[in-house]
Amino acid sequence: MQYNKGGRLALIISVSALLVGFLLSQPTYAANQPGANKQVFFVHHSTGQIYWDGTVKKGGLGAELTNHGYTGTAPWWDGNTDPQDFPGLFNDANSWDIFGDSDIIIFKSCYPASAITSDDMLEQYKDWYRELYDIYQAHPNILFMPLSTPPLPKDMTNSDEARRALGFEQWLLGEYKNNYTGNNLAPFGLHTLLSNKNNYLKKKFVADPYDGHPRPKVGPVVGKAMREFLDTLLN
């Protein structure tokens, strides 16, 4: 079959239009979007390990990430992860050697951090987290995902401490995120996910009323919620 010049031109235009349409239909994130490589590093202590491992049958965050196109690592962090520790942790070159090529960094304090005993202590938490803005700006291709502190069983805390823990989460998801000018900060509300209407750890997740470590069945709940949250940002 032979094409005349007009026919060939029409064919070229048609193919070009199809190519443009295909490109426009693809995901809008660029290769250099924060977190685009989906390589996760989770900074945590013991409670985080329960979230990561989950149950034998359902797994936790680790399995969720693996099953949905992410790679992840969550070694027990060799150092403290209280709110006051994060500025030093992220300013330490050794930490970045450990993070390697990870372009999504999830970090959280362990459950004792939810025992916020005064309003002054809550304000100090905020100051420590504000110090991290410079870290985020220095690593624009890394998606930082700070988690709010996990709720405590009722017998380990009181209503005022639980209210402040909720207040810290609300600040983290609202003012803290909104006052940051970059696009690589995505706080996640762990406290509300796992707490009851009184801001205590839900009874079904309590393993011991005097121990903040939850039951393993919390892992699938946390894992799915966090993975879906990441999906909304990256897909």
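Quick note: the coordinates plus some simple rules give every number you see, no bench work behind them. From a predicted model like this one, the values you see are computed outputs, not experimental measurements. FYI the Cβ positions are ideal-geometry reconstructions off the backbone, even for glycines, and counts take in every protein chain you see.
Projected label points at GLN124 and ASP155, each 7 Å from Cα along the beta carbon direction, are separated by 2.9 nanometres. Scalar couplings 3J(HN,Hα) for the range 66-81, obtained by applying the Karplus form with A = 6.51, B = -1.76, C = 1.60 to θ = phi - 60°, are 4, 6, 10, x, 9, 10, x, 9, 8, x, 4, 5, 7, x, 7, 10 Hz; x denotes Gly and Pro. So if we plug the beta-carbon distance of ILE98 and ASN141 into 1/(1 + (r/R0)^6) with R0 = 25 Å, what FRET efficiency do we get, rounded to 0.05? Efficiency computed from Cβ-Cβ geometry: 0.90. The long axis of helix 218-234 is offset from the longest Cα principal axis of the chain by roughly 40 degrees. Cβ crowding within 10 Å, taken as a proxy for footprinting-reagent exposure, orders LYS197, LYS204, LYS108 from fewest neighbours to most as LYS197, LYS204, LYS108. From the alpha carbon centroid of the range 120-145 to that of the range 71-116 is 12 Å. Cross-link pairs exceeding 19 Å in C-alpha to C-alpha distance, out of LYS108/LYS154; LYS58/LYS204; LYS58/LYS217, comprise LYS108/LYS154. Selection among THR55, PRO146, TRP171 by position relative to the dipole of the chain gives THR55 as farthest towards the positive end (Cβ unit charges, Cα centre).
Shape analysis of the range 37-234 places it in the oblate category; the axes a ≥ b ≥ c from the Cα gyration tensor give an a/c of at least 1.5, with a/b not above b/c. From least to most packed, judged by other beta carbons within 10 angstrom and beginning with the fewest, PHE229, PHE168 follow the order PHE229, PHE168. Residue-wise HN-Hα couplings along the range 145-162, as the Karplus relation 6.51 cos²θ - 1.76 cosθ + 1.60 with θ = phi - 60° gives them from phi, are 10, x, 9, 5, 5, x, x, 9, x, 3, 6, 9, 8, 8, 5, 5, 5, 5 Hz; Gly and Pro carry x.
Near LEU185, the amide H atoms lying under 5 Å from its own belong to PHE144; only residues 5 or more places off or on other chains count, and H is placed 1.01 Å from N.
The ranking of TYR133, TYR51 from fewest to most other beta carbons within 10 Å of each one's beta carbon is TYR133, TYR51. Summing +1 for each Lys or Arg and -1 for each Asp or Glu among the other residues whose beta-carbon sits under 15 angstrom from that of ASN198 gives +3. For the range 54-62, backbone phi angles converted through the Karplus equation (6.51, -1.76, 1.60; θ = phi - 60°) give residue-by-residue couplings of x, 9, 4, 7, 10, x, x, 4, x Hz, Gly and Pro being listed as x. Only bridges with both residues in the chain count here: give the DSSP antiparallel percent, nearest 5. The antiparallel proportion sits near 25 percent.
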